[in-house]
Amino acid sequence: MSRTATPRSAIVVAGRYRLLDQVGTGGMGSVWRARDERTGRLVAVKVLGRHGSAVLARFVREQAVRVRHPHVVAPHGWAAEDELVVLAMELVTGGSVADLLREHGALDAGTAGLLVGQLLSGLAAVHGAGLVHRDVKPANLLLEATGDGPPHLRLGDFGVAAPVADRRFTTVPGAIGTDGYMAPEQARGAPPDPAQDLYATGRVALELVTGLPPALQRGIPSHPLRPLVERLVVDDPEQRIATAEAALRLLRRLPLPAPDGPPVPDRLGPPPRRRTPSASVRGDVDWAGWTAVAVLAGVVVACLCLLLGWTA
């Protein structure tokens with residue numbers, strides 16, 4: 001995630017969300033770390049970009065998602081003030097699976113299997129709520145900062161999520177999703193269906209074990225995850241594994257080693273310090289500042305003495 005400095009004057013949106021620093025960008029706008037002034041907790045806040053009707057419709061869909069699950073990060077509130085509209089959600093500080101792949105390449109079989117299982121678990125909750133994510137890809141798979149511990153995946157970015165088989169959220173010929181991860185029927189404009197998320201999960205699994213994005217993937221290599229991937233990346237949705245729960249059951253039967261993957265660091269670091277009142281207001285003394293002033297004054301006096309010919 002990219003970061004920018006704190007704004008010169010911290011913005012508080014709707015009297016509640018104090019924007020601290022920018023931690024990312026997306027198709028809808030920028031993502032900020034913020035403090036919820038009501039609860040005191042740090043949260044992630046997505047600041048809506050241009051207020052076009054399509055963007056607003058996507059925003060309304062995303063803020064309506066209320067799935068509570070350990071492997072899902074969904075919006076839990078929103079606020080608007082003048083031209084500023086924000087969407088609040090849990091703050092996840094370990095970056096994304098895309099970051100992990102970019103830095104480390106292909107992952108070991110145990111770590112790849114763990115991440116796929118967590119993704120399937122989150123998708124089972126999403127599908128159980130009657131929703132299709134429609135944009136499962138490494139950049140939307142966020143990671144908790146677990147350090148040297150096992151990774152903890154959170155499925156995020158529900159901006160194009162839609163109710164199952166709701167044709168109102170389908171446009172033809174414009175496909176909804178990301179090239180390479182979309183199921184063939186999704187790319188053709190089929191109504192939203194959970195099977196489309198499962199196909200994308202298969203593509204993500206292939207990327208985890210090969211380190212290659214979909215455009216460079218050439219077949220399924222011999223790997224402990226191969227029996228699952230073969231059932232997920234089937235072109236015909238009728239032949240694809242039916243549900244996330246069924247995929248999880250198959251995954252748990254596979255002989256996978258223990259995870260031995262790379263650490264997931266805190267990529268954000270501590271939040272910017274909030275501005276405090278000046279030293280005079282607090283009754284404290286800025287000794288470093290006064291020392292600098294005294295030294296400068298001494299230099300000025302010495303120069304004057306030399307110019308005027310004064311001697312001690």
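Just so you know, all these numbers are worked out from the coordinates, no wet-lab data involved. Bear in mind that the values here come from a model prediction, so they are computed numbers and not experimental data. Backbone-built Cβ (ideal geometry, glycine too); neighbour counts: all protein chains shown.
Some points to look at:
- Charge dipole of the stretch 12-90 about the Cα centre (unit charges at C-beta), most positive-ward option of A54, L42, H69: H69
- Counting only DSSP beta bridges with both residues in the stretch 53-176, the antiparallel share comes to about 90 percent.
- For the stretch 133-149, 3J(HN,Hα) per residue [Karplus equation, 6.51 cos²θ - 1.76 cosθ + 1.60, θ = phi - 60°, Hz, x = Gly/Pro]: 5, 6, 8, 6, 7, x, 5, 9, 9, 7, 10, 5, 7, 9, x, 7, x
- Within-15-Å neighbourhood charge of R231 [Cβ basis; K, R +1; D, E -1]: 0
- Förster-model FRET efficiency, 22 Å R0, D266 and R66, C-beta, rounded to 0.05: 0.20
- For the stretch 81-210: rounded, prolate or oblate by the Cα gyration tensor [a/c cutoff 1.5]: oblate
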